[in-house]
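S.K.: One structure is given below, represented as structure tokens, and several questions about it will come after.
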Amino acid sequence: DTEVTQTPKHLVMGMTNKKSLKCEQHMGHRAMYWYKQKAKKPPELMFVYSYEKLSINESVPSRFSPECPNSSLLNLHLHALQPEDSALYLCASSHYRDSNQPQHFGDGTRLSIL
Amino acid sequence: KQEVTQIPAALSVPEGENLVLNCSFTDSAIYNLQWFRQDPGKGLTSLLLIQSSQREQTSGRLNASLDKSSGRSTLYIAASQPGDSATYLCAVRRNTGFQKLVFGTGTRLLVSP
């Protein structure tokens, strides 16, 4: 079992739909991350939150909107996505102060855009 | 810009063999290097983390080494088992605070019974 929980595990949506991905951790980590991973490629960083504030946005299109409502939760709101946005979306968390602890990943949400 | 490469891209071995996975990076100014394992359709599992001041780390049948000056790390897997079949990713980190990782291209390992 992973310590980072992502829901849903699978999501199929049309290009006009609005949906949200959810991520939760209870390890007391104050840094949380969203990654996008295409098949047979390494994860690509999308967003980083540290202490519930957005620290990095890797030039992600505005159809992806992150939100960190509290220190345990991270959401990714999706709207008007394109077929090329189909991918595995991974959430991760890590300590902020203890810099030599590893990053912990969830099992991801498999997103398919019709 | 940091670039991380892993060789080979794919590896198929019979059970019981010892094997070495390679990771190279272009900028030696790293904070630490992590090795991850990813099973198909799953998230990443952290295997080993080597700090920039360390030369190696060991966990069970896994041993990771780091040569920062030459921009290389290796992951040694002893007595491979079919359950080791997965994709192995290395990632380097430059900064402190939150972790901005640069991932390698991955090695897909298949261990046959």
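The values are calculated or read from the model by the stated rules, or taken from the named source; none is laboratory data. As the structure is a prediction and not an experimental result, all values here were calculated from the model. No Cβ is skipped: glycine too gets one built from the backbone with ideal geometry, and neighbour counts run over all protein chains shown.
S.K.: Against the definition (in contact (Cβ under 8 Å) with a residue 12 or more places away in the chain, more than 9 Å from every other protein chain (Cβ to nearest Cβ) and over 29 Å from A:Arg97 (Cβ atoms)), how does B:Tyr88 come out, yes or no?
M.R.: The answer is no for B:Tyr88.
S.K.: Could you say which residue among B:Lys42, B:Lys68, B:Lys100 is farther than 18 Å from A:Lys36 by Cα and charged (D, E, K, R)?
M.R.: B:Lys68
S.K.: Determine whether A:Glu84 is at the interface with another protein chain (Cβ under 9 Å from one of its Cβ atoms) and either surrounded by fewer than 19 Cβ atoms within 10 Å (Cβ to Cβ) or in contact with an Asp or Glu (Cβ under 9 Å, 6 or more places away or on another chain) (or both).
M.R.: Taking the combined requirement at face value, the residue does not satisfy it.
S.K.: Next question, about the same structure. Only one residue in A:Asn75, A:Asn100 is in a loop (DSSP other than H, G, I, E, B) and surrounded by fewer than 19 Cβ atoms within 10 Å (Cβ to Cβ), so which one is that?
M.R.: Selected residue: A:Asn100, the only one of A:Asn75, A:Asn100 that is in a loop (DSSP other than H, G, I, E, B) and surrounded by fewer than 19 Cβ atoms within 10 Å (Cβ to Cβ).
S.K.: Same structure, new question: Is at least one residue of the stretch A:42-64 without any contact (Cβ under 8 Å) to a residue 60 or more places away in the chain, within 11 Å of chain B (Cβ to nearest Cβ) and β-branched (Val, Ile, Thr)?
M.R.: The answer is yes; a qualifying residue exists.
S.K.: Residues in the stretch A:51-63: is at least one surrounded by 21 or more Cβ atoms within 10 Å (Cβ to Cβ), modelled with pLDDT under 95 and among the polar types (S, T, N, Q)?
M.R.: Looking through the stretch A:51-63, none of the residues is surrounded by 21 or more Cβ atoms within 10 Å (Cβ to Cβ), modelled with pLDDT under 95 and among the polar types (S, T, N, Q).
S.K.: If you don't mind, another one. With the stretch B:1-81 as the region, which strands (runs of 3 or more DSSP E) entirely inside it contain at least 3 residues that are of a type outside the set (A, V, I, L, M)?
M.R.: Per the criteria, B:19-25, B:32-38, B:44-51, B:56-59, B:62-67, B:72-77.
S.K.: If you don't mind, there's one more thing I want to ask. Look at B:Leu62 and say whether it is within 14 Å of B:Thr107 (Cβ to Cβ), within 14 Å of chain A (Cβ to nearest Cβ), surrounded by fewer than 20 Cβ atoms within 10 Å (Cβ to Cβ) and at pLDDT 95 or above.
M.R.: So B:Leu62 fits the description; yes.
S.K.: Any idea how many residues of the stretch B:13-32 are at pLDDT below 95 and within 14 Å of chain A (Cβ to nearest Cβ)?
M.R.: 3
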